[in-house]
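> After the structure tokens below, expect a handful of questions from me.
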Amino acid sequence: MAMLAGATALGDTYVVKSGDSLDRIARRHGTTVSALVQANGMKNPDQISVGQKLILPPGKAGAPSGGGSTSYKVEPGDTLGSIASDHGVSVSALVKANKLDDPDRLTPGQTLQIPTGASPSSAPGVRHPLPPDVRRALDGIRVTPGKWRYIVIHHSATKNGSAKSMDLYHRQRRHMENGLAYHFVIGNGRGMRDGEIAIGNRWKRQIKGGHLASTALNEKSIGICLVGNFDTSPPTSQQMRNLYALVEYLEGRARIAPSSVKLHREINTKPTRCPGRHFPSQALRQHVS
Ligand SMILES: [Zn+2]
């Protein structure tokens, strides 16, 4: 069958995964919902099913807009994080440019395309960039594939606090040998800088949290605690901005669907008000899905 050069070149295909929405797929591949609908002749864009194959419109997938790419041959000992920071790009940009299925599995000798010409913080699809130092630190941590299913948001229910003070409390008073029960803490300017993201040892070591009343849920839930008592006042805007950025990053890196981002009270097996009645749950939904 003859094809007109250029005019009908088939784009790449994408297999729909659990938690995907058309909007999300479009954003991840640098295209639009309407282009996807058109490329796939879809009648009902709201109905996609897991395992369904979609044609990605050609021309836009791959390298970030406005930039080209250079290639790099993977050497023994390289991680995606080390390659990304060596080249000043984000891990997610590398994953996207190379359509990697398992970002933690690289083979020496494998050739990667390194996107150029776009700064990492303006990478397409990233709506809430993380502070660069935090992103670099997170990129350097190997994430256990398939381990994490939920992201759970808490408040400390105290006016002040820090990852350090909570670590001490969880070790000494709660007798938790792994200390800090959360994977991340976001400060409110009272004990930590306003919006500061602390990466806990449980994330660095990829071990279960101690923030939920169920061992099974702790095994697969990433815990993020915002310092503050949101029963009396809301979180700071800087805390929320960095929460959005962290959640967006973790959704991409640990393959977590936006519908699996939960407030503590939405997932706990015992009743709780956490993260407090002034926590802006609507805003969270709008920013991370
Ligand atoms: Zn909680």
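The values are calculated or read from the model by the stated rules, or taken from the named source; none is laboratory data. Not measured: the values here are computed from a predicted model. Note that each Cβ is placed from the backbone with ideal geometry, even for glycine, and that neighbours are counted across all protein chains shown.
Results for (1) of a type outside the set (Ser, Thr, Tyr); (2) in contact (Cβ under 8 Å) with a residue 40 or more places away in the chain; (3) over 18 Å from Arg127 (Cβ atoms), shown as yes or no for each residue.
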| position | (1), (2), (3) |
| --- | --- |
| His264 | yes, yes, yes |
| Ile267 | yes, yes, yes |
| Pro271 | yes, no, yes |
| Gly276 | yes, yes, yes |
| Gln286 | yes, no, no |
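> Read through the list (1) within 16 Å of the ligand (Cβ to nearest atom); (2) more than 22 Å from Tyr244 (Cβ to Cβ), then give the number of the only condition that Ser165 fails.
It fails just one condition, (1).
> Okay, moving on. Are any residues in the range 111-135 modelled with pLDDT of 90 or more and assigned to a loop (DSSP other than H, G, I, E, B), and if so, which ones?
Answer for the range 111-135, where residues must be modelled with pLDDT of 90 or more and assigned to a loop (DSSP other than H, G, I, E, B): His128, Pro129, Leu130, Pro131.
> For Gly195, are the conditions met, namely being at positive phi, touching a Lys or Arg at 6+ places or on another chain (Cβ under 8 Å) and touching a residue at least 12 places away in the same chain (Cβ under 8 Å)?
Criteria met by Gly195.
> Now for a different question. Report the residue count in the range 37-55 for those that are closer than 18 Å to Ser18 by Cα and modelled with pLDDT of 80 or more.
8
> So in the range 239-252, with the set limited to residues that are of a type in the set (A, V, I, L, M, F, W, C) and within 20 Å of Asn229 (Cβ to Cβ), which one is nearest to the ligand (Cβ to nearest atom)?
Leu243
> Specify the residue that is nearest to the ligand (Cβ to nearest atom); the eligible residues are those in the range 253-289 that are polar (S, T, N, Q) and within 20 Å of the chain's Cα centre (by Cα).
This residue is Ser281.
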